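Below is one structure, written out as structure tokens, with a few remarks after it.
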Amino acid sequence: MSKQSQEKSKWGTSYGELVWREFSKSWLARFCLGFIFFLFAVAVFAPFLANDKPFAIRIDEQLHFPIFRNLKVSDYCIFLAAIFGYLQVLLIRRNHKRVDPSIRPAILWRQICINSSIVVIGTILILIFVPRRLDATDYKALIASGKATNAVFAPIPYGYDRTNLKLREQPPSRQHWLGTDDVGADVLCRLLHGSRISLSVGFVAVGISAVIGVIAGAILGYFGGKVDFIGMRVVEIMMAIPVFFLIITIVAFFPRSLLNIMIIIGITSWTSYARFIRAEFFKLRKQDFVQAAISLGLPLRSILFRHMLPNGIAPVLVNVTFGIAGAIFIEAALSFLGFGVAPPTPSWGQMLSLGVSTTGRFLWWLSLFPGLAIFLTVLAYNLVGESLRDAIDPKLRIQ
Amino acid sequence: MDNNETLLSVKDLSTYFFTEKNVIKAVQNVSFSMEKGRTFALVGESGCGKSVTALSIMRLVSEPQGKIVSGEIIFQGNNLLTLSEKRMRKVRGNEIAMIFQEPMTSLNPVYTVGNQIAEAITLHQKKGISEAWADAVEMLKKVGISDPQQRAREYPHQMSGGMQQRVMIAMAISCQPGLLIADEPTTALDVTLQAQILDLLDELQKQTGMSILLITHDLGIVAQRAEDVAVMYASRIVEVADTQRLFKEPLHPYTQGLLKSLLRLGFEGKRLHTISGNVPDPLHFPTGCKFHPRCQTGCNDKKCQSAEPKLREVQPGRSVACWYAKGYPQ
């Protein structure tokens with residue numbers, strides 16, 4: 001520990017470290033961040049947590065590993081992205097402690113390039129080489145008939161798309177901890193798999209809108225004048241349209257796919273980011289260090305994105321966390337109304353809509369658990385955003 | 001040393017700011033020229049247009065409100081005002097560099113100082129990051145920062161104001177510019193640091209042979225450090241001379257007033273001289289000579305009130321803009 005603090009003082013504390021120190025002072029913030037990481041872990045490992053295929057099974061004296069044979073192409077891609085994403089986070093932490101600041105940006109850039117190219121190449125290889133199999137074997141029937149033995153199942157031994165019409169609309173029991181839905185699929189299993197949809201919608205949609213918003217806002221704020229005048233009118237027109245109804249209208253014209261929903265949410269909600277960045281850039285443009293950067297002859301790209309953006313990104317970062325919560329909410333609402341992803345792909349909003357069955361019965365477990373999942377996720381993101389906003393408080397900057 | 005080669009000549013430069021209703025004439029018909037390896041001081045009170053002149057030379061006047069409406073800025077044979085933005089970017093930092101008034105806000109808080117210096121070096125001299133970093137450390141050593149290896153890895157907020165200004169200077173001279181524009185480099189620093197920073201600039205000038213355009217309101221600094229002076233008043237240059245002659249025999253009544261109001265050694269008991277009145281509002285400049293409402297020479301007449309005198313040469317290497325200055329062509 002003493003060695004570590006020595007190293008820190010040796011290289012100085014960066015702004016990011018100051019913010020992190022302030023952020024992690026609050027236990028609630030750490031807890032919520034932990035919860036979000038937990039959700040990510042659940043989403044990534046969902047096929048190993050809930051699957052109707054066993055990890056291992058002995059059929060005719062031969063050992064089989066059906067769960068691995070049944071992983072989908074998308075599962076492999078998610079594992080790959082998760083592994084390298086986590087590796088990158090670890091590398092960034094290591095950079096701050098071990099790597100000399102003189103080469104830190106270069107090293108970071110190289111790491112990101114290597115990691116993302118591995119992910120891209122890996123994804124392409126997976127798409128080419130991993131066969132798309134469909135294993136329709138009912139392993140539980142095999143066990144019941146005595147043909148197979150020594151089966152090791154996942155903690156929740158049901159598939160999210162396995163229907164069992166004999167067990168429709170069952171309340172929570174020892175077999176189905178959170179009950180079953182209208183076609184007899186396990187609710188807990190669908191909840192775990194549904195976290196993938198919610199988290200990816202949040203990240204991808206907000207990623208798209210943040211990138212559009214930051215670039216648009218940077219240009220408006222830096223150039224000002226006519227560019228700004230025209231740009232802001234476009235932003236105002238976008239803001240005058242009720243986004244949710246716009247999304248519903250657009251969704252009606254396009255096939256119901258997750259990607260379409262992400263893109264639509266992304267391209268309709270960039271305006272707030274653009275306005276934040278524009279306001280920050282107006283302020284920053286006149287600052288001495290930006291003038292100094294211009295007077296050193298640095299190119300526009302470097303001035304906008306290297307010198308101005310890191311100093312003006314704070315409100316956007318805070319808003320991104322709220323934006324993710326909002327996107328998750330919009331997706332849930334769309335699915336609830338039946339405009340979201342099509343079944344059997346599980347989505348929390350869609351599960352929620354099954355709470356009132358066609359027979360008119362109120363199935364409380366179908367409303368409560370997905371609703372709770374949406375609520376907790378949105379709450380966690382919002383609390384993280386709040387803490388981040390406090391940590392970025394200008395008081396901290398004067399040090 | 002007798003290379004009186006002109007490095008920069010500004011001819012008839014006018015920079016205006018356009019607001020919704022008014023036009024603020026920040027710089028009007030400013031002309032001067034600088035020689036290689038010398039220090040040229042631009043003196044004047046706040047708001048007289050010295051900084052805007054400097055920004056105009058760098059073409060940093062913030063558009064769309066600010067605009068250079070006329071003039072030429074010839075730097076090493078090229079008119080900077082007609083260069084494309086891309087060419088201009090190569091001039092900035094590489095051939096003309098600038099240091100600013102406030103060292104505390106002139107460094108980017110999110111990068112280490114070494115990083116900021118190295119960025120300009122990698123850009124202009126096409127060097128790799130490790131080489132540029134070594135150069136940056138060398139520059140920090142040159143500007144008198146102890147333990148430069150260590151300091152290059154620190155962030156601006158970990159340094160004192162004087163040290164930050166040294167870093168700014170290191171950044172500005174990192175690409176060996178021919179001209180360094182110092183916009184009130186010591187105004188934000190205390191007196192002992194002022195002397196250190198100015199000494200440093202002198203020393204660097206001797207080493208590299210660059211010219212310095214020193215913008216200041218402090219006549220004491222001018223007397224010590226500059227070889228040539230231009231005095232600005234209300235967006236125009238009213239007098240240009242070499243320092244010795246200016247201090248010995250000021251020709252313009254404004255310069256005379258400024259020098260009289262300086263505190264001198266042996267000055268006791270009496271009230272310090274002041275120039276009566278206020279700096280004119282740039283929106284409502286007086287007609288004729290802009291200084292005439294405050295002029296105390298007594299020859300203030302119709303001519304002064306109606307026609308503005310141009311900057312004319314009255315002695316070799318000396319120009320003044322006053323109808324009644326000694327030797328002014330009538």
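A simple count of charges around B:F18, restricted to other residues whose Cβ falls under 12 Å of its Cβ and scoring Lys, Arg +1 and Asp, Glu -1, yields +1. Helix B:191-208 and the longest principal axis of the Cα set of chain B meet at an angle near 70°.
Counting, for every residue in A:97-105, the Cβ atoms of other protein chains within 10 Å of its Cβ and taking the mean gives 5.
For peptide A:283-292, the mean count of partner chain Cβ atoms within 10 Å of a residue's Cβ comes to 6. If you add up the charges near A:C189, with Lys and Arg at +1 and Asp and Glu at -1, over every other residue whose beta carbon is less than 11 angstrom from its beta carbon, what do you get? Net charge in that neighbourhood comes out at -2. Distance from the Cα centroid of the range B:150-217 to that of the range A:348-384 is 63 Å (rounded to whole angstrom).
Which one of B:I215, A:N260, B:I169 is farthest out on the positive end of the charge dipole of the protein assembly as shown, using unit charges on Cβ (Lys, Arg +1; Asp, Glu -1) and the Cα centre as origin? Farthest along the dipole direction, towards plus: A:N260.
Counted by neighbouring Cβ atoms within 10 Å, the residues A:V318, A:V201, A:V42 run from fewest to most as A:V42, A:V318, A:V201. Between the range A:26-75 and the range A:223-242, the alpha-carbon centres lie 46 Å apart. In this structure the amide hydrogen of B:I212, modeled in the peptide plane, comes within under 5 Å of the amide hydrogens of B:R38, B:T39, B:F40, B:L180, none closer than 5 places in sequence on its chain.
For the range A:251-348, the dipole from Cβ point charges (+1 on Lys and Arg, -1 on Asp and Glu) about the Cα centre works out to 320 debye, to the nearest 20. Sorted on the mean count of surrounding Cβ atoms within 10 Å across their residues, most packed first, peptides B:122-133, B:232-243, A:211-222 read B:232-243, A:211-222, B:122-133. Oblate is the label for the range B:32-82, because a/c, from the alpha-carbon gyration tensor with a ≥ b ≥ c as root eigenvalues, is 1.5 or above and a/b does not exceed b/c. Computed packing ranks the peptides A:129-135, B:180-186 as B:180-186, A:129-135, most packed first, by mean other Cβ atoms within 10 Å. Taking a ≥ b ≥ c as the square roots of the Cα gyration tensor eigenvalues, with a/c under 1.5 meaning rounded and otherwise prolate when a/b beats b/c, else oblate, which class fits chain A? Because a/c hits 1.5 or more and a/b exceeds b/c, chain A counts as prolate. Helix A:2-11 and the longest principal axis of the Cα set of chain A meet at an angle near 50°. Taking amide H atoms as placed 1.01 Å from N in the peptide plane, the amide H of B:G66 lies under 5 Å from those of B:F18, each 5 or more residues away in sequence or on another chain.
Dipole of the protein assembly as shown, Cα-centred, from +1 at each Lys and Arg C-beta and -1 at each Asp and Glu C-beta, to the nearest 20 debye? Before the final figure, lay out each step's value.
Working: 77 positive and 57 negative charges, 94 e Å.
That gives a dipole near 460 debye.
Of all lysines in the structure, the ones whose alpha carbon falls short of 17 Å from that of B:K67, not counting any fewer than 8 places away in one chain, are A:K226, A:K286, B:K11, B:K21, B:K25, B:K50. Given contacts defined as C-alpha pairs under 8 Å and at least six residues apart, what's the relative contact order of chain A, whole-number percent? Contact order relative to length: 19 percent.
The amide H of B:L7, built 1.01 Å from its N in the peptide plane, has B:M34, B:E35, B:K36 as neighbours under 5 Å, considering only residues 5 or more places off or on other chains. Using C-alpha pairs below 8 Å separated by at least 6 residues, the relative contact order for chain B is 19 percent.
The string of couplings for the range B:215-224 from the Karplus curve (6.51, -1.76, 1.60, θ = phi - 60°) is 9, 7, 10, 9, 5, x, 5, 4, 4, 7 Hz, one whole number per residue in order, with x for Gly and Pro.
The lysines within cross-link reach of B:K248, meaning a Cα-to-Cα straight distance under 20 Å and a gap of 8 or more places when in the same chain, are B:K260, B:K326. Extent along the principal axes, Cα only, for the protein assembly as shown: 120, 54, 50 Å, with the longest axis given first.
Given the DSSP H assignment, sum -39500 (n - 2.57) over each helix run of at least 4 residues in the protein assembly as shown and divide by its residue total; what's the result at 222 nm in deg cm²/dmol, nearest 500? Spell out each step's value before the answer.
On the way: 29 runs with 366 residues, N = 729.
Dividing the helical sum by the residues of the protein assembly as shown leaves -16000 deg cm²/dmol.
In order along the range B:63-72, phi translates into HN-Hα couplings of 7, x, 5, x, 8, 7, 8, 7, x, 9 Hz, rounded to whole numbers, per the Karplus curve 6.51 cos²θ - 1.76 cosθ + 1.60 with θ = phi - 60° and x for Gly and Pro. The trypsin sites (Lys or Arg not before Pro) of the range A:8-112 meeting both criteria, a DSSP state outside H, G, I, E and B (loop) and at most 16 other C-beta atoms within 10 angstrom of the site's C-beta, are A:K25, A:K72. Across peptide B:89-96, the mean count of Cβ atoms from other chains lying within 10 Å of each residue's own Cβ comes to 3. Compared with the dominant principal axis of the Cα atoms in chain A, helix A:104-129 is inclined by about 30°.
The DSSP beta bridges internal to the protein assembly as shown are antiparallel in roughly 65% of cases.
Each other residue within a Cβ distance under 13 Å of A:P66 adds +1 if Lys or Arg and -1 if Asp or Glu, for a net charge of +2.
When a/c reaches 1.5 or more, the comparison of a/b and b/c decides; with that in mind, is the range B:249-330 rounded, prolate or oblate per its Cα gyration tensor? Oblate, since a/c reaches 1.5 and b/c is not below a/b. Dipole check for chain A: with +1 at the C-beta of Lys and Arg, -1 at the C-beta of Asp and Glu, and the Cα centre as origin, the magnitude is about 1000 Debye. Couplings 3J(HN,Hα) for the range A:352-362, derived from phi with the Karplus relation 6.51 cos²θ - 1.76 cosθ + 1.60 (θ = phi - 60°), are 4, 5, 7, x, 9, 7, 5, 7, x, 6, 8 Hz, where x marks Gly and Pro.
Any read-out appearing in this document is the output of simple, stated calculations on the displayed coordinates, not a laboratory observation. Everything numeric here is computed off the predicted structure, so don't read it as measured data. All Cβ positions, even for glycine, are placed from backbone atoms using ideal geometry, and neighbour counts span all protein chains on display.
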